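The values are calculated or read from the model by the stated rules, or taken from the named source; none is laboratory data. Treat the numbers as computed from the prediction; the structure is a model and nothing was measured. Cβ sites come from the backbone with ideal geometry, for glycine too, and all protein chains shown count toward neighbours.
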Amino acid sequence: MSAPSSQPLPPFAQRVDAAVHDEHLHDALGRATAQLRSRRGGAFASLEQSDAVRAAARAAKMHVLDRLDESLIAFEQSLRARGFQVHWAETPEQANDLVRAIARRAGCKLAVKSKSMATEETHLNAALEQDGVEVVESDLGEYIVQLRRDRPSHIILPIIHLTREDVGKVVSEELHVPYTDEPKELAAIAREVLRAKFLAADLGITGANFGLVEEGALCLVSNEGNIRMTSSLPRIHVALLGIEKLVRNASDLDAMLRLLARSATGQKLTVYTTLIEGPRRSPEDEGPEESHVILLDNGRSTTRGGEEAEILACIRCGACLNACPVYQQIGGHAYGDTYPGPMGAIWTPSLRGMDGWKELPGASSLCGACEEVCPVNLRIPKMLLSLRARAREQHGGSPRWLRFGLRFYAAFARRPWLWRSALRVASLGARLLARDGWLRKVPGPLSAWTKRRDLPAPAPQSFTAWMSARARERARG
């Protein structure tokens, strides 16, 4: 299966402009995000003492991150005691090379892979295909993305940017079957193809939602049974996970699981919650012969020492994407990398550096909706502001017209009488430019606003003047 094109990305503004004008994208995003937000609200209504659970989950993640070095050492020891083979990768290339070496040594030619953002981060599929290993995505959404030679646009719903009609067309054209857009029929078609791949594969690749330090186990959650087949049917299983994915023990895991599915899909618990404790051991006759864990850094250690270290506590639920008004307008591909939305606007510059990604922290209205829905109470707007400040330091300040405009604004705002006079003049000028109560074009830098939308003309009487008049009337009355 061919990988997506590796052509250079268009500039961020160009990607956003294309997304803003894509009505088909808005239709698909509007349906899905509204449904997910509604489901999340209902699911959290059923969670007793939800604020306390969220606080406990945050505390548990922060505890591990504060002691990440010793937690990783303890995790490695626990894993080895279970029979796992543990590897460390500082870069995506090192992670991919480790998987390629495992595949070469074992003579693997077919790999099945479950949904994994870490492998998307390293572009593992393309690396294995260079060695002649066929890689098949087993998650239905990821499989559709692979058939389209596309990229996921959401960390939970990879094909949120597609309608069911789009999916039906892809399946019909790529698998040469009659067209249908019925979800059950599409799943049955994919199941028939993938089942044969599961039985023939000699390498299974997964990520992991959590690593349990004390138990030496991996926790994977999914609504599809493919994760269990991926991790148990092939003779070799490889799990690739970021070094931040740790929790202390099963007790802390309980708090995470009570929040993850509710935040992601509006369920109390996902259909499949799997704990993996190493390869098969005598007298077991099921499970992989070898189980490997690759712990990926890829900038996480650097992030841990910065002002955005808190983002390492993210549990990848995707709730912030669904709540974000910017994501709802531009989708995931406009962010240009593996992680989209508010969390991606922090993750990508933190892991990859500001060069090429300095615009991402600005792709936010700072409305705080992301922080409100985050199950572990991450202070996302604060981290975005921190990255914006870093972008100014490293790549220069704001445009000259904006700096001048802010100084001009400050001079008027500090003098109430001058401010009121300026507002009266601006209001009169705006009403003269308006047609039928709307400003359809304004001069100067503000014209960017009216390229996309009309601006309502100011009322003849300002709110302050109206309130003053009411106060005078009350005093007389």
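What to note about this one:
- Only one entry of V167, V171, V145 meets the criterion of being over 25 Å from the mean Cα position of the chain (by Cα) and either over 23 Å from G242 (Cα atoms) or assigned to a helix (DSSP H, G or I) (or both), and that entry is V171.
- Residues of segment 362-373 include at least one that is crowded, with 20+ Cβ neighbours inside 10 Å and closer than 21 Å to R151 by Cβ.
- Residues (in a helix (DSSP H, G or I), closer than 14 Å to P361 by Cα and not β-branched (V, I, T)) located in segment 326-343: Y327, A334, Y335, G341, P342, M343
- Index of the failed condition, R151 passing every other in (1) under 27 Å from L233 (Cα atoms); (2) touching a residue at least 12 places away in the same chain (Cβ under 8 Å); (3) outside any loop (DSSP other than H, G, I, E, B): (3)
- In summary, N377 fulfils each of the numbered conditions (1) at pLDDT 85 or above; (2) part of a helix (DSSP H, G or I); (3) not hydrophobic (A, V, I, L, M, F, W, C) with the single exception of condition (2).
- Filtered by the rule that a residue be free of Cβ contacts under 8 Å to residues at least 24 places away in the same chain and under 15 Å from the mean Cα position of the chain (by Cα), segment 345-370 gives a lone residue, T348.
- For V425, the conditions (1) among the aliphatic types (A, V, I, L, M); (2) at pLDDT 85 or above; (3) touching an Asp or Glu at 6+ places or on another chain (Cβ under 9 Å) are fulfilled apart from (3).
- The number of residues in segment 289-299 being buried (at least 19 other Cβ atoms within 10 Å of the Cβ), out of contact with any Gly (no Cβ under 6 Å at 6 or more places or on another chain) and within 21 Å of S78 (Cβ to Cβ) comes to 6.
- Identification of helices (runs of 4 or more DSSP H) wholly contained in segment 180-288 with 1 or more residues that are without any contact (Cβ under 8 Å) to a residue 24 or more places away in the chain and either surrounded by fewer than 21 Cβ atoms within 10 Å (Cβ to Cβ) or in contact with a His (Cβ under 6 Å, 6 or more places away or on another chain) (or both) yields 183-200, 250-264.
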